[in-house]
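The values are calculated or read from the model by the stated rules, or taken from the named source; none is laboratory data. Predicted model only: the values in this text are computed from it and were never measured. Neighbour counts run over all protein chains shown; Cβ positions are idealised from the backbone, glycine included. To get the accessible areas, we keep the full protein, side chains included, count just its heavy atoms, and leave off ligands, DNA and RNA. Shrake-Rupley method; radii C 1.70, N 1.55, O 1.52, S 1.80 Å.
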Amino acid sequence: MRSYCKPIIVILLFLSSPFLFSQDMKKIDLGGKWKFRRAGTDQWMDARVPGCIHTDLMKNGLIPDPFFRNNEKNIQWISDIGWEYKKTFMISDTLFRSRHLELVCKGLDTYANVYLNDSLIIVADNMFRDWYANIQPLLKIGSNTLRIRFPAVTIENKARYGRLKHKLPGDEKVVCRKAAYQFGWDWGPTLITSGIWRPIYIRCWDHMNMLSVQYIQKDLTDSIAGLTAVFTFLSTLSDSAFIQLSVKDKMLATKKVPVQSGVNVARIDFQILNPKRWWPNGLGDPYLYPIHHKVYFSGKLAAEGTQKLGLRTIEVHEDQDTAGNSFFFLVNKIPVFMKGANYIPQDNFPSRVSDSSYKALITSVKAANMNMLRVWGGGIYENDIFYDLCDENGILVWQDFMFACALYPDNKDFIRNVQAEAIQNVVRLRNHPCIALWCGNNEIDEGWKNWGWQKQYGYTSQDSAEVWNNYRGIFGSTLLTVISKFDSLRPYILSSPRIGWGRPESTKRGDMHYWGVWWGKEPFSSYKEKTGRFMSEYGFQGFPPLESIRKFTLSADRQLGSPVMKAHQKHPAGYETIEEYLLRDYKRPKDFESYVYVSQVLQAEGIKSAIESYRRAKPYCMGTLYWQLNDCWPVVSWSSRDYYGQEKALHYFVKNEYSTLLVSPVVKNRILQVFIISDSLQDCQPNLHLSLSDFGGRTFFDTTLTIYVKKNSSSSYVEFPVDKLVQGNNTKQLVFTMQLTSGKKIHSQNNLYFDPVKDLLLEKPLITKTVKKSPEGYQITLSSNKLAKNVYLVSGQKGSFSGNFFDLLPDETRTITFTTKDKSSSFEGKLKIMTLADTY
């Protein structure tokens, strides 16, 4: 069989930038209805593209929902056999006369042989790449058939792994350029997919194919921004082209350029006067300029497109200082404390994540006052909409390349494959202002130095030298070269973290993944001592809400230790670890529902202590990205937002912990210090209200201070000897409250208890509520006769609360908004209120 794959790699790597459109280019979408079958059988069934084998099998009723109960374990056979997809489509006489007809596959998962009219045109082995083929010689007017065979992933992996010189950490999946999380992780199932997971279409063009447009920002001042637009295009004629650049119908630049037959590169300089900068969330407007280009060729409009550009500078500083080496981001020449989380794919079947899901997630991220997400290296390079939304909402992206917790082959074919993958994704993403940094991998450097791989795999000293040199070749040469050539103005680091958390120097240099809490069973108080320069990973698990658990269980499954609940906990010691930490600070919950609730409070309080420790340490520490933002399936995990988009207690806490102004107490050597942390770019003078009272509302101390807070700072503003403050009162029923305000605006509020929660003398409160309809949905006003600890609101309706899991003080009135489109009269009757005192 003859292959029609293009051999010229430079053309393959640049084709089809998503924001471009050529006037003489037409596109035939091949998505939608397909057929599929098990390889070697005759029965064809209905399929949907984009999609994957699991979703198609589900739609045909051939497998149950893998996420329900413990169905996952019964469908592992799917990746052990091959599958075949086909589609018949029509080509008109007009389209057939196009000078160029190319098949574009935006995502084939993962091993795939593509046939057009029974001729092999593509052999693919990377789900992260676009694949192309010249299909003009094989197409015919009328009916054509496209078939794609997907060999069994596990069998192909085993064969490739068996041919390696050295067995590698990560085992068989390392030979496969596929999302690593789909092979199973300690928060995700083993569901190894195949299929056409991104769009597939035929591109038709005649004389010009615009391959890419890159915008390079050369200078940026308050008065002027200097930029260069770099056009890379393919032409079949030698002629001249006329390029126009404009923004909102205002012409920026024009240029006539000579064109030769083949690949052409044209540069056009332009300026924007009095530019508005793009700012991260919380620091200003993430302003975007819609830059529009038109290219005229051979007397007619040949290509046009629009790219939204954000003007900003960004640097990573790793400067030597008295403690070691800093690690911080300088955005628009200002050191910015990064507040965010680690992001994983939103579904084990990523093709079914909707645009509305992306929008809901980034809206939630922005509302939580985050300014950065780390796209973790065991997932996928995300869809364009993810980066578009981050651009629009001021969310910076720490972008890992897709390598995690493993070592990888060094053969030439694998390296070429990785190089093509890297170039395509860097070119696709480099115009986004949200991209802050490229990182080579997740935890491979740490794994090599700290996880005992050499002993586990029986490496000799020569083996170790070869394997480590291979690692340096991929991350210190191949990927570094790609960044240097295609996105040279952005920072690149080889691996995250810089040093493993078990080594003392990890707190002094580079970014840090701290897992002493959880993996090391160290107490939450360790967060105060183990503070690094940039905390790019740390976390603790909590159950998803009970209403989410109901979606993947039967009533009999909802108990600790049930087979189904065990199936939805992927960490080998997950439940034991949660229990150990829970009983350190809380009384044993009385039932399953209470346990779910207390586990969320435990998670939230633990990560709250970490975030406050790291923010108090500013500027020594300049970032906190907790593990993890979201889930890829319903599971007990480290996420703050579960698979169904429900916010756990942690996510509600984060909204306060990541506020621009934060008030944070810490007790050391019986001295209470009250810190105020500011990420604002302006000095300010808020009011600091401090109060000490018992759980019944009796006040022992109350004062309001006007504080001068310097911009971009962290300082202790008030100190109290604890013994003098409490005045001999029983600390088990005392709460010290702090509130930072400007007029009626509450910037931040915090409560300090002097004893472990399990020792507090909590009584069941009498909570009064009133519910009123509002334009958003409902307003719930609450008050209590005594301290109501961690008030949890639950509604049977779809919607979101503006606040939850908060402490309601005696005689305090608090109004919470429930945003929903469902304004049925039954809301008040379904509204349930739970407090910590109800759990034992």
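Any idea which of (1) assigned to a strand (DSSP E or B); (2) free of Cβ contacts under 8 Å to residues at least 60 places away in the same chain; (3) open to solvent by 50 Å² or more (accessible area, probe 1.4 Å) is the one Thr363 doesn't satisfy?
Of everything listed in (1) assigned to a strand (DSSP E or B); (2) free of Cβ contacts under 8 Å to residues at least 60 places away in the same chain; (3) open to solvent by 50 Å² or more (accessible area, probe 1.4 Å), Thr363 misses just condition (1).
Which residues, counting only those in the range 781-803, are open to solvent by 10 Å² or more (accessible area, probe 1.4 Å) and among the small types (Gly, Ala, Ser)?
Across the range 781-803, the qualifying residues are Ser783, Ser795, Gly796, Gly799, Ser800, Ser802, Gly803.
Listed here are the residues, each with its yes/no results for (1) part of a strand (DSSP E or B); (2) closer than 24 Å to Tyr792 by Cβ; (3) open to solvent by less than 50 Å² (accessible area, probe 1.4 Å).
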| position | (1), (2), (3) |
| --- | --- |
| Tyr717 | yes, no, no |
| Phe720 | yes, no, yes |
| Asp723 | no, no, no |
| Met738 | yes, yes, yes |
| Ile746 | yes, yes, no |
| Lys764 | no, yes, no |
| Lys772 | yes, yes, no |
| Pro775 | no, no, no |
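Quick check on Phe67: is it within 20 Å of Asn113 (Cα to Cα), at pLDDT 95 or above and surrounded by 18 or more Cβ atoms within 10 Å (Cβ to Cβ)?
no
Can you tell me which of (1) in contact (Cβ under 8 Å) with a residue 60 or more places away in the chain; (2) basic (Lys, Arg); (3) not in a strand (DSSP E or B) is the one Arg374 doesn't meet?
(3) is the only condition that Arg374 fails.
Please go through the range 484-498 and give me each residue that is open to solvent by 20 Å² or more (accessible area, probe 1.4 Å) and more than 23 Å from Asn431 (Cα to Cα), ordered by number.
Of everything in the range 484-498, just one residue is open to solvent by 20 Å² or more (accessible area, probe 1.4 Å) and more than 23 Å from Asn431 (Cα to Cα), namely Arg498.
Give the residues of the range 447-483 that are open to solvent by less than 70 Å² (accessible area, probe 1.4 Å), in a helix (DSSP H, G or I) and among the small types (Gly, Ala, Ser), sorted by residue number.
Gly447, Ser464, Ala465, Gly473, Gly476, Ser477
Does the range 34-64 hold any residues that are open to solvent by less than 70 Å² (accessible area, probe 1.4 Å), assigned to a loop (DSSP other than H, G, I, E, B) and of a type outside the set (A, V, I, L, M), and which are they?
Passing the criteria: Thr41, Trp44, Pro50, Gly51, Cys52, Asn60, Gly61, Pro64.
Among the residues of the range 87-98 satisfying the criterion of being touching a residue at least 40 places away in the same chain (Cβ under 8 Å) and open to solvent by 60 Å² or more (accessible area, probe 1.4 Å), which is nearest to Gly195 (Cα to Cα)?
Out of the qualifying residues, it is Thr88.
Looking only at the range 659-706, how many residues end up being touching a helix residue (DSSP H, G or I) at 6+ places or on another chain (Cβ under 8 Å) and on the phi > 0 side of the Ramachandran plot?
Qualifying residue count, the range 659-706: 1.
Against the conditions (1) of a type outside the set (A, V, I, L, M); (2) modelled with pLDDT under 95; (3) closer than 27 Å to Glu763 by Cα, where does Gln733 fall short? Just the number, please.
If we test Gln733 against (1) of a type outside the set (A, V, I, L, M); (2) modelled with pLDDT under 95; (3) closer than 27 Å to Glu763 by Cα, just (2) comes out false.
Look through the range 307-333, keep the residues that are of a type in the set (Ser, Thr, Tyr) and farther than 24 Å from Thr221 by Cα, and return whichever of them is farthest from the chain's Cα centre (by Cα).
Checked the range 307-333; the qualifying residue farthest from the chain's Cα centre (by Cα) is Thr322.
Of the residues that sit in the range 117-127 and are in contact with a Lys or Arg (Cβ under 8 Å, 6 or more places away or on another chain) and open to solvent by less than 10 Å² (accessible area, probe 1.4 Å), which one is nearest to Gln182 (Cα to Cα)?
Met127
Considering the range 268-300 alone, what residues qualify as being closer than 30 Å to Phe329 by Cα and open to solvent by 60 Å² or more (accessible area, probe 1.4 Å)?
Asp269, Gln271, Leu273, Asn274, Lys276, Asp285 - these are the residues of the range 268-300 that are closer than 30 Å to Phe329 by Cα and open to solvent by 60 Å² or more (accessible area, probe 1.4 Å).
Looking at the range 400-420, I want the residues that are within 16 Å of Cys439 (Cα to Cα) and part of a helix (DSSP H, G or I) and have a partner that is of a type in the set (Val, Ile, Thr) and at pLDDT 95 or above with Cβ atoms under 7 Å, at least 6 apart or on another chain. Which pairs are those?
The qualifying pairs are Val418/Ile474; Val418/Thr478; Gln419/Thr478; Gln419/Val482.
What do you reckon, is Ser488 without any contact (Cβ under 8 Å) to a residue 24 or more places away in the chain, small (Gly, Ala, Ser), in a helix (DSSP H, G or I) and over 14 Å from Tyr538 (Cα atoms)?
no
State which residue is least open to solvent (accessible area, probe 1.4 Å) when the search covers only the range 224-238 and only residues that are among the small types (Gly, Ala, Ser) and over 30 Å from Asn274 (Cβ atoms).
If we take residues in the range 224-238 being among the small types (Gly, Ala, Ser) and over 30 Å from Asn274 (Cβ atoms), then Ser235 is least open to solvent (accessible area, probe 1.4 Å).
How many residues, within the range 635-682, are open to solvent by 40 Å² or more (accessible area, probe 1.4 Å), touching a Ser or Thr at 6+ places or on another chain (Cβ under 9 Å) and part of a loop (DSSP other than H, G, I, E, B)?
4
Could you grab the pairs with beta carbons closer than 6 Å, sequence gap of 6+ or different chains, first residue in the range 751-764 and more than 13 Å from Asn790 (Cα to Cα), second one hydroxyl-bearing (Ser, Thr, Tyr) and open to solvent by less than 40 Å² (accessible area, probe 1.4 Å)?
Filtered contacts from the range 751-764: Phe754/Thr731; Asp755/Thr731; Lys758/Tyr586.
Out of all the residues in the range 257-306, which are within 28 Å of Ile385 (Cβ to Cβ) and over 35 Å from the mean Cα position of the chain (by Cα)?
Val295, Leu301, Ala302
Name the strands (runs of 3 or more DSSP E) wholly inside the range 173-270 in which the number of residues that are among the polar types (S, T, N, Q) and touching a residue at least 60 places away in the same chain (Cβ under 8 Å) is 3 or more.
Here the list reads 208-220.
Tally time: how many residues in the range 116-158 are touching a helix residue (DSSP H, G or I) at 6+ places or on another chain (Cβ under 9 Å), among the hydrophobic types (A, V, I, L, M, F, W, C) and part of a strand (DSSP E or B)?
Final tally of qualifying residues: 2.
When you look at Arg149, is it of a type in the set (Lys, Arg), in contact with a strand residue (DSSP E or B) (Cβ under 9 Å, 6 or more places away or on another chain) and open to solvent by 10 Å² or more (accessible area, probe 1.4 Å), yes or no?
Spelling it out, Arg149 is indeed of a type in the set (Lys, Arg), in contact with a strand residue (DSSP E or B) (Cβ under 9 Å, 6 or more places away or on another chain) and open to solvent by 10 Å² or more (accessible area, probe 1.4 Å).
When both residues are 6+ apart or on different chains and their Cβ atoms are under 7 Å apart, which pairs have a first residue that lies in the range 564-593 and is in contact (Cβ under 8 Å) with a residue 60 or more places away in the chain and small (Gly, Ala, Ser), and a second that is part of a helix (DSSP H, G or I) and surrounded by 15 or more Cβ atoms within 10 Å (Cβ to Cβ)?
Ala567/Glu72
Confirm whether Asn417 is at pLDDT 95 or above, within 28 Å of Trp515 (Cβ to Cβ) and touching an Asp or Glu at 6+ places or on another chain (Cβ under 9 Å).
No, not satisfied.
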